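Please treat every number below as a calculation from the coordinates, not as lab data. Quantities reported herein were computed from a predicted structural model and do not represent experimental measurements. FYI the Cβ positions are ideal-geometry reconstructions off the backbone, even for glycines, and counts take in every protein chain you see.
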Amino acid sequence: MNWMTMDQWSPYICGAGIGILSWFTFLLSDRVLSTSSTYVKTAGIIERMFRGNKVLEREFFRKIHPSIDWQWMLVIGIVIGAFISSMASGQARIVWAPEPWSTAFGSAVAPRLIVAFVGGALLGLGSRWAGGCTSGHGISGTMQLGVASWIAAICFFASGIAAATFLYTVIAG
């Protein structure tokens, strides 16, 4: 079987690939592999279209310049790579409400979009509050044995389990 058309890849091979990518990230940019700042930079780029350089007066944008950089391109590459992978494996399809959601809550699109938006907003808020996202803490930080990153990664998993349990057991139950 051609490995490019497999439904799922080995998590060990994927993990090793992410580790190697992290090496190159450190080597070539002297930065950690992360993505959450990209969304804030994008908001800054959009705001800059309307407010000009006044955006650069914000404290955050004095440290993190709102521009398209390697990290921004990484996020685009993740989306393109996921699309190519799903097409190559024959798994590509547009689904507004995945099967577990449809079974528990029905197939109406509006509630799914509202919950997805709220969840995404909370995830973004949490990643800013924690000083990094799952890739920044969960991959790069834990790889460097950062205590704060290990605590954040444990909290990511615990919160995910608690949220899924609450959503599918308490609300849908």
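The figures follow:
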read-out	value
Overall form of the stretch 96-173 per C-alpha gyration tensor (a/c, 1.5; a/b vs b/c)	prolate
Contact order normalised by residue count of the chain, Cα under 8 Å, 6+ apart, percent	26
FRET efficiency estimate (nearest 0.05) - Cβ-Cβ, M4 to F117, R0 25 angstrom	0.15
Burial ranking of peptide ranges 131-137, 72-78, 4-10 (average Cβ count within 10 Å, highest at the top)	131-137, 72-78, 4-10
Shape of the stretch 1-93, Cα gyration tensor, a/c cut at 1.5	oblate
Gain in span if fully extended, F50 to M73, counting 0.36 nm per residue against the direct Cα distance	6.0 nm
Dipole-positive endmost among A148, T103, G124 within the chain (Cβ charges, Cα centre)	G124
Calculated [θ] (222 nm, deg cm²/dmol) that DSSP helices of n ≥ 4 give over the chain, each run adding -39,500 (n - 2.57)	-20500 deg cm²/dmol
Mean Cβ neighbour count within 10 Å, used as a protection proxy, ranking 100-108, 37-45, 86-94 highest first	37-45, 100-108, 86-94
The stretch 1-35 residues near the modelled S86 label - backbone nitrogen below 15 Å, point 7 Å along Cα→Cβ	7-8
